[in-house]
1. Among Val245, Val210, Val272, Val238, which is the only one that is under 21 Å from Ser291 (Cα atoms), at pLDDT below 95 and crowded, with 19+ Cβ neighbours inside 10 Å?
2. Going through segment 244-264 one residue at a time, which ones are of a type in the set (Gly, Ala, Ser) and in a helix (DSSP H, G or I)?
3. Considering segment 83-94 alone, what residues qualify as being closer than 16 Å to Lys2 by Cα and crowded, with 24+ Cβ neighbours inside 10 Å?
4. One residue is enough: does segment 185-204 have a residue meeting the conditions touching an Asp or Glu at 6+ places or on another chain (Cβ under 9 Å), more than 30 Å from Val85 (Cα to Cα) and buried (at least 16 other Cβ atoms within 10 Å of the Cβ)?
5. State all residues of segment 16-28 that are under 21 Å from Val52 (Cβ atoms) and either modelled with pLDDT under 95 or not in a helix (DSSP H, G or I) (or both); if no residue qualifies, say none.
6. Name the single residue, out of those in segment 132-145 being touching a strand residue (DSSP E or B) at 6+ places or on another chain (Cβ under 7 Å) and without any contact (Cβ under 8 Å) to a residue 40 or more places away in the chain, that is farthest from Asp182 (Cα to Cα).
7. Select, from Val27, Val19, the only residue that is in contact with a Pro (Cβ under 6 Å, 6 or more places away or on another chain) and within 27 Å of Ile112 (Cα to Cα).
8. Within segment 137-154, how many residues are of a type in the set (S, T, N, Q) and either part of a loop (DSSP other than H, G, I, E, B) or in contact with a Cys (Cβ under 6 Å, 6 or more places away or on another chain) (or both)?
Amino acid sequence: MKNISVIGSGTMGNGIAHVFAQFGFKVSMVDISQQKLDSGMLTIGKNLDRQVKKESITAEEKIEILGRIDTNLRISEGVKDADIVIEAATENWDIKQELFKELDSQAPKDAILASNTSSISITKIAAVTSRPEKVIGMHFMNPVPIMPLIEVISGYRTSTLVLNEVIELGKSIGKDPVEVNDYPGFVANRILMPMINEAIISLQEGVASVKSIDAVMKLGMAHPMGPLQLADFIGLDVCLSILNVLYEGFGNPKYAPSPLLINMVQAGILGVKTGEGFYAYSKDSKEAVVSPRFKN
């Protein structure tokens, strides 16, 4: 594979584009507005600048990497030469359903169609295409340039050949692909989201403060980030969406999202992306302070 198309230029999309371009692939990044594409390219540039500063790449290599990425507003143009298309759009079934119908009609017939979905069934996504054997999940972790894991998820009809190709592709960009089966939440979020949800319930019930809950998990369980701050980083809306997929998929009340989480999302308090979640975030400082609404 030489040509990679990435659908979406947000946090995950630009990270995926960055990594593939860094490892010599030609990348086409597609989004619905030039503003989004420009923002994505700006983020890639800043992240490459950090790598130059750390001397993991040279300034010349940065220019070469950026030169391997082009941007497109039209899916038809962005995927016409793709060996694999990686969808990294919003975690919303209606959006993904329409995207994969269009990708199926526009991408070359032998191209693999992959989704970076964190919870939506690959079998369900594949069913809206005419090539279910070529549809697969590639769930990257955030931040993509740093985190080594890719969950590789086979749908019910994904071919073994495609699975093996995608595993080798992941290795070729310095990642550690791990094969998992197509069940709600896969592995990462099936385990992570109930922990985050339980942390929110603990806060809601007054068991401990925001700082105390996160401190227990960092100091006692060696987590690099507490579950409440991690929820802010992921996006509270994304956490809620994944919990709903788990709840609906298994019909088990243990996956029911916390009322506090539901209320925060309905109020538009989504974490880092809105400047406030369980913590408050300032553009002038990377340091997170507990949101005033949660201070004891």
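The values are calculated or read from the model by the stated rules, or taken from the named source; none is laboratory data. Just so you know, these numbers come straight off a predicted model, no measurement behind them. Positions of Cβ are generated from backbone atoms using ideal geometry, with glycine treated the same way; all protein chains shown enter the neighbour counts.
1. So the residue among Val245, Val210, Val272, Val238 that is under 21 Å from Ser291 (Cα atoms), at pLDDT below 95 and crowded, with 19+ Cβ neighbours inside 10 Å is Val238.
2. Selection gives Gly249 alone.
3. Ile84, Val85, Ile86
4. Within segment 185-204, one or more residues are touching an Asp or Glu at 6+ places or on another chain (Cβ under 9 Å), more than 30 Å from Val85 (Cα to Cα) and buried (at least 16 other Cβ atoms within 10 Å of the Cβ).
5. Those that are under 21 Å from Val52 (Cβ atoms) and either modelled with pLDDT under 95 or not in a helix (DSSP H, G or I) (or both): Phe23, Gly24, Phe25, Val27.
6. Lys134
7. When all the criteria are applied, what remains is Val19.
8. The number of residues fulfilling the criteria is 1.
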